[in-house]
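See below for the structure under consideration.
The values are calculated or read from the model by the stated rules, or taken from the named source; none is laboratory data. Since this is a predicted model, take the numbers as computed values, not measurements. Here the Cβ positions follow ideal geometry from the backbone for every residue, glycine too, while neighbour counts run over all protein chains shown. These accessible areas exclude ligands, DNA and RNA; they are computed on the full protein's heavy atoms, side chains included. Shrake-Rupley method; radii C 1.70, N 1.55, O 1.52, S 1.80 Å.
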Amino acid sequence: MKNTPFKIFILDDDVWYSELLEYHLSLNPDYEIKKFHSAKDFFACLHENPDVVTVDYSLPDKNGGEVLAKVKERNPDVQVIIISGQEDVATAVALLKQGAYDYIVKDEETAEKLWNTINKVRENLTLREEISHLREEIGQKYDFSKVIIGNSEAIKKVFSLMYKATKTNITVSINGETGTGKELVAKAIHYNGIRKKYPYVAVNVAAIPKELIESELFGHEKGAFTGASARRIGRFEEANKGTIFLDEIGELDISLQAKLLRVLQEKEITRVGGNAVVPVDVRIIVATHKNLAEEVSNGTFREDLYYRLLGLPIHLPPLRDRGTDILVLARHFMDEFANENNLPRKSLTAKAQEKILSYAYPGNVRELKAIVELAMVLSDEDEIQEQDINLAVSNSNKDFLAKEQSLKAYTTRIIQYFLDKYDYNVLLVADKLDIGKSTIYRMIQSNELKVK
């Protein structure tokens, strides 16, 4: 927030009148006021960046319109208030179109009008600073390294593509399993991109009933259908100049895909029940957990729309393919949970780390977060123990093949699973798997298998 004085420059060749204005404005101790009696002296000090300037329209060396144009050329953020002895409507309108904040006619109420106008300027400036500050905070919140935690090569590749996406308006298509963070990536691209000052609008296509999705996206006119009691602006209009994020785009009904394609090609929409064409300027980011190329082959997704949406593809890897990122994320979620709940920070024992790394995480990052938060609650010690880590065994088995490994690694996992299941009874496991007990003993001795 701005802590420096609010600077006001007064440009008027009438010394008495400029002193009158200075007197009235100086009643506010937060105002720092400077007077100038010529345009030349005024422009010599414009580098001091005043917040607002008042300009007498009839100056001996330049008129108010010329001063306004030069001020806006050098610093567009400076607000210019024209003060004139003539009540000329045409001149006033022309100056306002040129960028003047206000046009005030000289009379007995001028000082009061100027006081009120400058108060409005200051309020607007404060509001802009607050908005700028909030945008800066949002930008920091969606800093790439804070959105996706990890150092794996797969994640570094994602970072690289996200950075490239922020430099242009190219359509971005994000693909990844449920829980990998697709919407977080979309937000990070928007809030770090060239449209960050404009709206970000997210639509989950899968969450909206088929019969309502057209109205949701493109809006509707009053009386367009039963229950349409008033005109409604659609999400594309809401996102104008900004970004629209269409999550689970693969679920969009084939009948609506042609309409979406037209919007992307023509950059205009027509509300349901209306005839008026409404231009829209939006950046498109889409996401899906489906393989859209396969959906095209299956005839459930239009090929022309697929190529229109492909743009810059970003694939978010499943958690099981991110190696030790799992531990990095687990520690991040543990620390976050501790801070949010005023709990002491905890660490993971070696056994707990092994258990966390052994799981396939069908729910990806979202599931890991739930697992470690529960572990923080269950743990009674400074360290989280193996028994505090509750994994969905059925899911673990179901996703056994999800992580591609060598045959030897798969064999080791299978034997370890049965050892755990049968309380490390080597003879029973050897019998169940029809392998020699000496093989199991040898793998235990070489630390390929773990026993309690």
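Conditions (1) touching a Cys at 6+ places or on another chain (Cβ under 9 Å); (2) closer than 29 Å to Lys164 by Cα; (3) at pLDDT 95 or above, marked per residue:
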position: Val282; (1), (2), (3): no, yes, yes
position: Lys290; (1), (2), (3): no, yes, no
position: Glu294; (1), (2), (3): no, yes, no
position: Leu329; (1), (2), (3): no, yes, no
position: His332; (1), (2), (3): no, yes, no
position: Glu336; (1), (2), (3): no, no, no
position: Asn342; (1), (2), (3): no, no, no
Any hit, the range 213-231, residues being under 16 Å from Ile284 (Cβ atoms), surrounded by fewer than 16 Cβ atoms within 10 Å (Cβ to Cβ) and touching a residue at least 40 places away in the same chain (Cβ under 8 Å): no
Meets criteria (surrounded by fewer than 20 Cβ atoms within 10 Å (Cβ to Cβ), in contact (Cβ under 8 Å) with a residue 12 or more places away in the chain and under 17 Å from the mean Cα position of the chain (by Cα)) for Lys164: yes
Tally, over the range 241-256, of residues that are open to solvent by less than 60 Å² (accessible area, probe 1.4 Å), within 13 Å of Arg283 (Cα to Cα) and not small (Gly, Ala, Ser): 4
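Being touching a residue at least 12 places away in the same chain (Cβ under 8 Å) and not in a helix (DSSP H, G or I) is the filter; apply it to the range 263-277 and report the residue that is least open to solvent (accessible area, probe 1.4 Å). Full working, then the answer.
Quick first cut of the range 263-277, residues touching a residue at least 12 places away in the same chain (Cβ under 8 Å) only: 263-265, 267-274.
Retained after the next criterion (residues that are not in a helix (DSSP H, G or I)): 267-274.
On the way: Lys267: 121, Glu268: 43, Ile269: 2, Thr270: 48, Arg271: 25, Val272: 33, Gly273: 66, Gly274: 21 Å².
Here the residue is Ile269.
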Selection from the range 79-102 of residues that are closer than 18 Å to Leu46 by Cβ, open to solvent by 60 Å² or more (accessible area, probe 1.4 Å) and polar (S, T, N, Q): Gln98
Single residue of Asp102, Asp56 found to be under 17 Å from Arg122 (Cα atoms), at pLDDT 85 or above and acidic (Asp, Glu): Asp102
Residue pairs meeting the criteria (Cβ under 7 Å; at least 6 apart or on separate chains; first surrounded by fewer than 16 Cβ atoms within 10 Å (Cβ to Cβ), in the range 34-48; second in a loop (DSSP other than H, G, I, E, B)): Ser38/Asp13; Ser38/Asp61; Lys40/Asp61
Single match in Leu246, Leu260, Leu217 (criterion: in a strand (DSSP E or B) and under 27 Å from the mean Cα position of the chain (by Cα)): Leu246
